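Reviewing the structure listed below.
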Amino acid sequence: MHTSPLQAPLVMVGGGHAHLVALRQWIASGQQAPAGSLLINAQPYAWYSGMLPGLLAGRFAAAQCRIGLASLAAACGMQLICDELLALDANGQAILLASGKRIGFTRLSLNTGALPVINFATDGSLPLVGAKPFPGIVQQCRTWQALPPTHLAIVGGGAAGVELALALRISLPTTQLSLFCGNGLLASHPPRLAQLARIRLSEAAVKLHETLPIERISEARLYAAGRAVAQPDAVVLATGAAAADWQLASGLQCDERGFVRINSQLQSCSHAHIFATGDCASLPNTPHAGVYAVRQGPVLAHNLLAEDNGRQRQRYQPQPRALALLACGDGSALLSYGRLATQGRLAGKLKDWLDLRFMHAHQLATQDD
Ligand SMILES: Cc1cc2nc3c(=O)[nH]c(=O)nc-3n(C[C@H](O)[C@H](O)[C@H](O)COP(=O)(O)OP(=O)(O)OC[C@H]3O[C@@H](n4cnc5c(N)ncnc54)[C@H](O)[C@@H]3O)c2cc1C
């Protein structure tokens, strides 16, 4: 990549959770990014994953679940560029965007999330709908509501798979739904939460297949354990986080799955002027989940400006356990914290309160949509 004529002191790529919190923090404390700094995001909005199941289930409108980035950036003295980062040259300190623009940077911050994992072969005979990016699945769900499919398969037995299955049950009441888990349902959560989720899925007539990893898609059929196990109209991927290819090609030190290795100050382990947070980053004891990205935000806000402000950088310490709240689509939720697991309307109210509080704080910060 050649050095770009366009040069910015700070470039923040991705409107992920940590960047939203960092920008809001700067606004609240009256700080500005260095003049000429840029925020780059593929779309003009940041979508809030916690409310996506509620949006698909018809409990929220789209405008409640997304944050307009232009005014958030402007309030911090930054310009929003709606574009996609295609390549990063970490040594050359430059990025290449889908529009063909090349931008050089003094400091870069990545909060670009992750892609769905596709860990099976496919002949392309079935549409694959990723849980991310969110605008794609929201649009697809609207199309399905107009013309309901006979059968959808959801692949992935983690929190997102359970939430999507229960949300789709409400938006597509006549569609047969199957949920395939590579191992046990909610394997990284307490066994009691998995048991509560099994009951909810059964009540919602979602056919659950545990410990049945999908091996391939061929001639519009899903194969597992060497046999055809379903013939759906489409496959929804809730398969966890995969790293974008450009991360590994960037020259940044990455872990074995391609996520950017960072230190506790949220800097790349190989390039101190590049920061990474949220799902695109790799830090011990830090799962890929929005709640961890949110907690990185205040530390990132401080550290990105620490040098300019003549301050010491702060360290991010991941919380030892996090509250998990899984929306059931009807206003109730499954809850786990440590080994505790429960469910009900109260858990749903707590989830709504936390989610709406997060959105309200950002919308107030910018008085955006
Ligand atoms: C259905 C579902 C429900 C979930 N619910 C929860 C929950 O309740 N709690 C929880 O903790 N986690 C939840 N998660 C996980 C959560 O979504 C992720 O962990 C979280 O979004 C990661 O946030 P992030 O800050 O890394 O980036 P993201 O929120 O993924 O944001 C990344 C942003 O970067 C942009 N972007 C990506 N690539 C580029 C590029 N190349 N160039 C420019 N812009 C780019 C994207 O458009 C996006 O705006 C859920 C996930 C799903 C699928």
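The values are calculated or read from the model by the stated rules, or taken from the named source; none is laboratory data. Just so it is clear, the model here is predicted, and its values are computed rather than measured. Because the Cβ atoms are built from the backbone with ideal geometry, glycine has one as well, and the counts that use them run over all protein chains shown.
Within the set 244, 205, 281, the sole residue that is of a type outside the set (Phe, Trp, Tyr) and either more than 19 Å from residue 91 (Cα to Cα) or surrounded by fewer than 17 Cβ atoms within 10 Å (Cβ to Cβ) (or both) turns out to be 205. Listed conditions (1) in a loop (DSSP other than H, G, I, E, B); (2) within 11 Å of the ligand (Cβ to nearest atom); (3) hydrophobic (A, V, I, L, M, F, W, C) are all met by residue 291, apart from (1). Only one entry of 28, 35, 61, 73 meets the criterion of being at negative phi, more than 8 Å from the ligand (Cβ to nearest atom) and free of Cβ contacts under 8 Å to residues at least 12 places away in the same chain, and that entry is 61. Out of (1) touching a strand residue (DSSP E or B) at 6+ places or on another chain (Cβ under 8 Å); (2) near the ligand (Cβ under 10 Å from one of its atoms), the odd one out for residue 56 is which? (1) is the only condition that residue 56 fails.
Evaluate the following for residue 116: is it touching a residue at least 40 places away in the same chain (Cβ under 8 Å) and either more than 29 Å from residue 276 (Cα to Cα) or within 17 Å of the chain's Cα centre (by Cα) (or both)? Answer is yes for this residue. Filtering region 225-239 for residues that are buried (at least 17 other Cβ atoms within 10 Å of the Cβ) and modelled with pLDDT under 95 leaves a non-empty set.
Residue 95 - would you say it is buried (at least 19 other Cβ atoms within 10 Å of the Cβ) and outside the structural domain of residue 270 (by TED's automatic domain parsing)? When the stated conditions are applied, residue 95 does not pass them.
The residues on offer are 115, 196, 179, and the sole one that is closer than 18 Å to residue 287 by Cβ and among the hydrophobic types (A, V, I, L, M, F, W, C) is 115.
Of the candidates 212, 266, 208, the single residue that is among the aliphatic types (A, V, I, L, M), touching a residue at least 12 places away in the same chain (Cβ under 8 Å) and outside the structural domain of residue 143 (by TED's automatic domain parsing) is 266. Residues in region 223-282 that are assigned to a strand (DSSP E or B), polar (S, T, N, Q) and out of contact with any Cys (no Cβ under 8 Å at 6 or more places or on another chain): 267, 268. Of the residues making up region 76-91, those that are near the ligand (Cβ under 8 Å from one of its atoms) and touching a strand residue (DSSP E or B) at 6+ places or on another chain (Cβ under 6 Å) are 83, 85, 86. Could you tell me whether residue 153 is modelled with pLDDT of 95 or more, assigned to a helix (DSSP H, G or I) and on the phi < 0 side of the Ramachandran plot? In short, no. Consider region 331-344 and keep the residues that are outside any strand (DSSP E or B) and at pLDDT 95 or above. The one that is nearest to residue 170 (Cα to Cα) is 331.
Just so you know, in region 38-52 the residues that are near the ligand (Cβ under 6 Å from one of its atoms) and assigned to a helix (DSSP H, G or I) include one that is nearest to residue 324 (Cα to Cα), and it is 50.
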